[in-house]
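The values are calculated or read from the model by the stated rules, or taken from the named source; none is laboratory data. Owing to the predicted nature of the structure, the values given are computational and were not obtained by experimental measurement. So basically every Cβ, Gly included, is an ideal-geometry build from the backbone, and we count neighbours across all protein chains shown. Please note that ligands, DNA and RNA were not included when accessible areas were found on the heavy atoms of the full protein model with its side chains. Shrake-Rupley method; radii C 1.70, N 1.55, O 1.52, S 1.80 Å.
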Amino acid sequence: MSAASVERPHDDRPLIAEANRLMDRNPGYRVEIIGGQILVSPPPDVPHARALTDLMVPFLTAGLHGIESKVLQGIGLWLPTGTEDYAIPDLAVVDTDIEDHYVENNCYDPAPFRLVLEVTSSNYQTDLRTKVAAYAGAAVPVYVIVDRKHQRLHVLTDPATGEYTNHRVHAPGELVTLPDTLGAKVTLDVAEILKAGQPKSD
């Protein structure tokens, strides 16, 4: 997998220090730095966690958690957009040599990332806008967004010059096959995924 290279900076890290303080004071919250801005996300609710677990199944069934790749939750992705920028996608498919690409602050170079996936929360605009540019800038080949608010599944591919050149939006009733670049055939049932991400009705 080829992706944007990331230099290992060695200066003082005031934003990272503040982000780590915020995490210490707010257990369960996800703290990221994108575009030089600290972003804080609340802990996931049960529907978010349920959708994420259900989403792992087709990746695992396809054999992507094996010898050549791994399916992992919540690992840091070092971004080339700023000297302290990093994101923590909900789910990632990565090459098995991911640990050889450590940068700092529990974050890894984008090179081994084949796919990142986000399940939206209350701050859904971060996933639909801010992270689109961030992941494209890091040249992550595939970005999948489960948009719980608008009941859509977004698949973004072909990053070039800081943006994804292919962005497809899928509705319930569709079966979506992800690009072969993942290393195996993965098909997602949009209706099932979106249903898993909704609160149970009374």
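General observations
- Among all positions in segment 65-72, there is no residue which is β-branched (Val, Ile, Thr), open to solvent by less than 20 Å² (accessible area, probe 1.4 Å), free of Cβ contacts under 8 Å to residues at least 60 places away in the same chain and not in a strand (DSSP E or B).
- Among the residues making up segment 134-183, those that are open to solvent by less than 30 Å² (accessible area, probe 1.4 Å), outside any loop (DSSP other than H, G, I, E, B) and of a type in the set (Val, Ile, Thr) are Val142, Val144, Ile145, Val146, Val155, Thr157, Val176.
- Taking the numbered list (1) modelled with pLDDT of 90 or more; (2) under 30 Å from Asp189 (Cα atoms); (3) within 17 Å of the chain's Cα centre (by Cα) in turn, Pro42 passes all entries but (1).
- Segment 162-181: number of residues that are modelled with pLDDT of 95 or more, more than 15 Å from Val57 (Cβ to Cβ) and of a type outside the set (D, E, K, R): 11
- Boolean, Leu55 is under 16 Å from the mean Cα position of the chain (by Cα) and assigned to a strand (DSSP E or B): no
- Unique match (being in contact with a helix residue (DSSP H, G or I) (Cβ under 9 Å, 6 or more places away or on another chain), open to solvent by 10 Å² or more (accessible area, probe 1.4 Å) and assigned to a helix (DSSP H, G or I)) among Pro47, Pro80: Pro47
- Total residues in segment 102-126, condition under 17 Å from Ile33 (Cα atoms), open to solvent by less than 10 Å² (accessible area, probe 1.4 Å) and not in a strand (DSSP E or B): 1
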